[in-house]
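A quick write-up on the structure given underneath.
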Amino acid sequence: MHELSVVLSLLDEVGEAAEREGATRVAAVRLRLGAMSGIVRDALLFSWDLARAGTIASEADLVIDDVPVAVWCPRCDGERGVPPGEGLICSTCGAVAPQIVRGRELELVAMEVV
Ligand SMILES: [Zn+2]
């Protein structure tokens, strides 16, 4: 499962950051997850529950902020959303807009340590 390897590297990152802070426990971890990141949210949460055991984040909640996809529309000359399930099309004017500006991210944004 792809999500498990993502969680394992996330836990490494969290563990290193916690160590730098001199923390003894991580209470919560907050992620930004793009709609086109290729990561399945439920699988990520499931993997988190499995993998966090025995780490400094063993009791940490994983909080996920969903990031919707946004594209740059050449016709509107601006950042626009995409209609659900229709690919990379401007939701305002319908033009094809292949340039993704947001929605691919998977990033650690914050963690709460004790
Ligand atoms: Zn447009």
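The values are calculated or read from the model by the stated rules, or taken from the named source; none is laboratory data. Just so it is clear, the model here is predicted, and its values are computed rather than measured. Note: ideal-geometry Cβ built from the backbone for every residue, glycine included; neighbour counts use all protein chains shown. To get the accessible areas, we keep the full protein, side chains included, count just its heavy atoms, and leave off ligands, DNA and RNA. Shrake-Rupley method; radii C 1.70, N 1.55, O 1.52, S 1.80 Å.
Within the chain, the proportion of C-alpha pairs whose separation exceeds 24 Å stands at 38%. Residues of segment 52-79 with an amide N closer than 19 Å to a point placed 7 Å from the Cα of R20 along the Cα-to-Cβ direction: 56-57. Secondary structure note: in the chain, about 70% of the DSSP beta bridges are antiparallel.
Per the 1.4 Å probe, what fraction of the accessible area of segment 3-113, in percent, lies on carbon and sulfur atoms?
Roughly 49 percent of what the probe reaches on segment 3-113 is carbon or sulfur.
Legend: calculated FRET efficiency, C93 to V40, from the Cβ-Cβ distance at R0 = 41 Å, rounded to 0.05, equals 0.85. By the Cβ distance rule (another cysteine Cβ under 4.7 Å), the unpaired cysteines of the chain are C93. Entry comment: accessible area of the chain is 58 Å² per residue, from protein heavy atoms only and a probe of 1.4 Å. The angle between the Cα long axis of helix 2-21 and the longest principal axis of the Cα atoms of the chain comes to about 60 degrees, rounded to the nearest 10.
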